[in-house]
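The block underneath contains the structure these notes are about, expressed in structure tokens.
The values are calculated or read from the model by the stated rules, or taken from the named source; none is laboratory data. Fair warning: this is a prediction, and the values are worked out from it, not measured in the lab. Backbone-built Cβ (ideal geometry, glycine too); neighbour counts: all protein chains shown. To get the accessible areas, we keep the full protein, side chains included, count just its heavy atoms, and leave off ligands, DNA and RNA. Shrake-Rupley method; radii C 1.70, N 1.55, O 1.52, S 1.80 Å.
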Amino acid sequence: MLQFPLGGAPAAALTILLFSLALWMLHRELGDFHPSQFSAQLRAVTPQAIAWALLLTGASYFVLTLHDVIALRAIARKLPYSLVSRVAYLSYAIGHNVGFAALSGGAMRLRMYGSVGLTTLEITSIVAIGSATFFMGAALLLDLSLLLDAGDAARVLHITNVTASVGGWGLLALLLAYVAIAGRKRTLAIGSWSVNTPGATTTVLQFVLGALDIVFAASAFYVLLPADPNLSLPAFTGLYVVAMVAALASGVPGGIGVFESILLVLLPQQSPGAVLAACALYRAIYYLLPFAAALALMVVQEVALRGKTVRRLARGAGGWIGLVTPQVLGVAVFIAGTVLLISGALPSVGSRMGLIPLPLVELSHLAGSATGAGLLILARGLLQRIDAAYYLTQVLLATGIAASLLKGGDYEEASLLLAVMSALRLARPRFDRHATLRAIGVSGPWLAAIAITLLASIWIGLLAFRHVQYHDALWLHFALNADAPRMLRAALTAVAVAAGLLLWLWLSPARPRLSLPDARDLEDAAACVRRSTQTSANLVFTGDKRLLFCDERDAFIMFQVSGRSWIAMGDPVGNPQRFDLLAWRFRELCDRHAAWPVFYQVGAKLLPMYLDLGLSPAKLGEEARVALADFSLEGPRRADIRHSHRRAQRDGAQFELLQPTQVQEQLNALRLVSNRWLSNKSGAEKGFSIGAFTQDYVTRFPCGVVRVNGEIVAFATLWCTEERQELSVDLMRYDQRAPKGAMEFLFAELMLWGKTEGYAWFNLGVAPLAGLEAHPLASPWHKLGIFIYRQGETFYNFDGLRRYKAKYDPQWQPRYLVSPGGLRLPRVLLDTASLIGGGVRGVIRR
């Protein structure tokens, strides 16, 4: 309901168009349908059928958890089934309701599996293998339906028996060809890429589990339909596969409308009321009930975290369940708003209306629909963990409860809202982002979600009252039994409230652009840098980046603008408790200026936070960090370094560490080396992600120098952390007087000095495009990066740089560029390169 796979305004508009077409098809297929037929068919469904549907739904979700089990087996990772089953269940329960489960469920898995140590590529592989398992099972079942029950399948699919048989044998040939290729464990070379086949066991398990899941899900729907001797379960399963794949391909959240319209077309022998009743019950049992169970699991978790006796027990589960609590509750509130809107479109239960005065009925009907529209909008604020959205949602839920009871004694609806309200109350600490409602913002996919919900509720109302002749006087007709006029007024109220709130958010005043830091900003930033364990935080002292502080001024984000991209350098700096709020504030600032938020060279630890911002990671390379406690020049692993070090010594190289005051005294000598280095490189100073040789900047840090005959011939400015966690170099320059191997000599001496001083790590910086996976499931960016890495040695020594850093036996840690992604990624990369290189000309000259 809240997420769309294609992203952006054009895709959102396409989704609305597809949904509108599905509603038109439904309207055409329903013909002379009367709502009473729907009610009669609902009552005709037996308790035994509902019990079977519940049992089959449970079996389907159990099989879905096994999808993750075989995916983990395929990537050679072992996790306890108790953890895997909960992660998989929550991902599918939420993904089925949000829509396009591969993305929405994948986002859940990234948070939860990421918290137990799985990498982004491993999680992507799990999602891809799960999706492949579904489609493999769907292909197998469709093929069996065409081959084993060709007559029924042909009739249901409106094709000839010959077409069904030919299609079945053709699909069987394709499946057998796939099994022949994938069934043997081997590596296939496809151009410059290598693909590891899953092997016979995994391939068979994918087919079996994919088919079992669909059979259980289709059977859960089948038992809700009236008995039909002309519709066998195998034939219906093939029909179900067609409807489900079409619903997934449409991109409409949950396939709502698309799934129903296709079933109506493919089941002409069933009455429209029977099909719609089965669809409604199926969605309640297979979609909403598992989501309610996921919500209950979250509530139990929140209660457990509050209990003193079980706090220790809950802490293990709470670490990852808590990561998705705002998402679960955001979806729950969106569903609650949808229920209020649909309730406002349907006739009231006449037997409950007698004791309620007409003015209260009319007012509560309008209030219920207005509240539903408001909840749709506030759901996005809950996803963003905004406290103001939390408080207003509580008020609106209470209003919705009162409206539900007063407009017709709808205690079922009121109970649902009360349950959501209680769950929200228990999760109060999760909504810790202090911001106003204006921070919710407006986006194309979210507008499409609201538009689809409003369209659906209006269509349901028109369907329910299609027997009522429309005329202008209906708008002003007030009576206890005047449900159609109330539906029209409620729909208009909901649209007006939603449009008004959205317009208010859209017209929110933009904040002024931030200027470069002044002396006070740099002083406060210095205090934050002292708390940091990352030496790259010292880039704030270049003075070429704008600073966004939190209100307490104990954390900041440094960023600069390039093109349409607002690019933050690294993760937030300072108090970690402020990072989440600060990142959201940066995102809001970008949104208000129609800019793209970008975070450059960030680590893996905060990827879930960036994912919450709606951003996508692209791996830039790997950062090399040397553990100084184990570093020495002895042993065979250090032979190359030891050789270069001794040769530089024989050539007269001497190491000296200058403190900042000494750097000031030697500034002219250092500037001479710097100018010669720049002249030799035919380049100019870079910026943003690296320092520049300016007096204020260079004299702030210690500096390691290499002297020959008493003269400085090479130097490296040194970044240090106050708690001695990390040591690294920034500016590294030498001139033609430096002996061969001078920089290896300087690095070795700096590492030995850092080890003596008690530093834990020496950071050698990032090796660009290193560590990108050559995997068939890797992203297009990974594949392009590997191509550049392999073919671009003429322009940049990618492999040589990695091999140079590898001599020091470092530990490699991934570094990412986080951005809106998609088709915007190339422009973001150009903006980033332009910012670092000092413009497009600098990028080319580099």
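Calculate, in nm to one decimal, what GLN577 and ALA402 gain on full extension: separation in residues at 0.36 nm each, minus their alpha carbon distance.
59.2 nm
Evaluate the charge dipole of segment 428-502 about its Cα centre and quote only its size in Debye, nearest 20, assuming +1 on the Cβ of each Lys and Arg and -1 on the Cβ of each Asp and Glu.
320
For segment 368-427, what does the accessible surface come to per residue with a 1.4 Å probe? Please give it in Å².
30
If DNA, RNA and ligands are ignored and the probe is 1.4 Å, what is the ranking of TRP446, TRP504 by accessible area, most exposed first?
The most accessible residue leads, giving TRP504, TRP446.
Given the protein chains as shown and a 1.4 Å probe, how many square angstrom of LEU417 are accessible, to the nearest 10?
Probe radius 1.4 Å; accessible area of LEU417 about 0 Å².
How much net charge surrounds MET558 when only other residues with a Cβ under 13 Å from its Cβ are counted (Lys, Arg +1; Asp, Glu -1)?
-2
Go through GLU260, GLU523 and list them by solvent-accessible area, largest first, probe radius 1.4 Å.
Output order, biggest surface exposure first: GLU523, GLU260.
Net charge within 10 Å of ASP521 by Cβ-Cβ distance, Lys/Arg positive one each and Asp/Glu negative one each, not counting ASP521 itself?
Its environment carries a net charge of 0.
Net charge near ALA639, counting Lys/Arg +1 and Asp/Glu -1 over other residues with Cβ under 13 Å of its Cβ?
Net local charge, ALA639 excluded: +2.
How far apart, in nm, are two points set 7 Å out from the Cα along the Cα-to-Cβ line at GLN48 and at VAL204?
3.7
Order the following by accessible area, largest value first: LYS545, LYS78. Probe radius 1.4 Å; ligands, DNA and RNA are ignored.
LYS78, LYS545
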